[in-house]
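Every read-out reported here was derived from the displayed coordinates using simple, explicitly stated rules and does not represent laboratory data. Quick caveat: nothing in here was measured; it's all calculated off a predicted structure. In this analysis, Cβ positions are derived from the backbone assuming ideal geometry, glycine residues included, and neighbour counts consider all displayed protein chains.
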Amino acid sequence: MNLDYFISSLPALLPEQPSAITLEEFRAACTEHLSGSLLAAVEALLDDQPSTHPFITAWRRHETGLRNAIARRRAARLGTDARPWIRPDGLDETETARGVAAAFEQPDPLQRERALDRIRWKAAEELQGIQPLTARVLLAYAIKLRLLARRQKLDAATGRQRLETLATLPAAGGGSQE
C-alpha cells in the first residue's frame with residue numbers, strides 16, 4: 001500500500017480525546033501495510049525499544065530532556081541535588097523547562113501528567129514537520145497514539161483505587177512498634 005494512502009486512512013488523533021484506533025489495531029495495520037525500516041521504527045516506538053532511526057533518536061533526546069527537567073523540578077522541591085537522576089544526551093530547552101514548571105503548578109498529579117503529555121504531544125508535532133504524508137508523520141502518529149492510550153489508563157477513579165490499595169498495605173518493616 002502507498003504510504004500516502006495508508007496515512008490518509010488512519011483516523012485523526014486529537015489531544016486529550018479518545019482515539020478511534022487502539023494501539024493493537026494500529027500495530028496490525030502497520031504490520032499489514034509497512035515493511036523494512038519504517039515498520040521497525042514504528043514497532044520500536046510502540047514497544048519503547050532501541051532504534052537508530054533519526055526520528056526516534058530525536059524523540060528520545062526530547063523525552064530525556066523532558067525527564068531531566070522533571071528530575072530538576074522534583075529535586076528543587078525536595079531541596080536535593082538532581083545530578084544523580086540527570087541522563088546524558090537530553091535536550092536542554094528553556095521552553096521545556098518552563099512547561100515542566102507550569103505542569104508542576106497543577107493542583108493534582110493527574111492534571112500534572114496531562115500537562116506533561118501536552119509537552120510531549122507538541123514535541124511529536126514539531127518532529128513530524130510540515131509535510132503532510134511522510135514517514136515522520138506516521139512515526140509522530142505512533143507517539144501520539146501511545147500518549148492517548150496512556151491517558152485513557154489515567155483517570156481519577158483508578159488513581160483513588162490505587163491509593164486505597166496502597167493505603168491498606170502493611171508498613172515497610174513489617175513489625176509493630178510496641
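Data for the structure
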quantity: Under the span-like rule (Cα at least 27 Å along the axis, Kyte-Doolittle mean at least 0.0), DSSP H helices of the chain; calculated: 135-153
quantity: Mean Cβ neighbour count within 10 Å, used as a protection proxy, ranking 68-77, 35-44 highest first; calculated: 68-77, 35-44
quantity: Relative contact order (%) - criterion: Cα under 8 Å, at least six apart; region: the range 34-178; calculated: 22 percent
quantity: Gain in span if fully extended, A82 to Q49, counting 0.36 nm per residue against the direct Cα distance; calculated: 9.3 nm
quantity: Listed peptides 54-60, 148-154 by packing density, highest first (mean Cβ within 10 Å); calculated: 54-60, 148-154
quantity: Read-out Cα Rg over 2.2 N^0.38 Å, derived from the coordinates shown; its label in (1) 1.87; (2) 1.41; (3) 1.21; calculated: (3)
quantity: Size of electric dipole in the chain: Cβ of Lys, Arg +1 and of Asp, Glu -1, about Cα centre, debye, nearest 20; calculated: 460 debye
quantity: Sequence of Y5, Y141 once ranked by neighbouring C-beta atoms within 10 Å, starting from the fewest; calculated: Y5, Y141
quantity: Label-to-label distance, nm, for residues given as E125 and R73 (7 Å Cα→Cβ offset); calculated: 1.9 nm
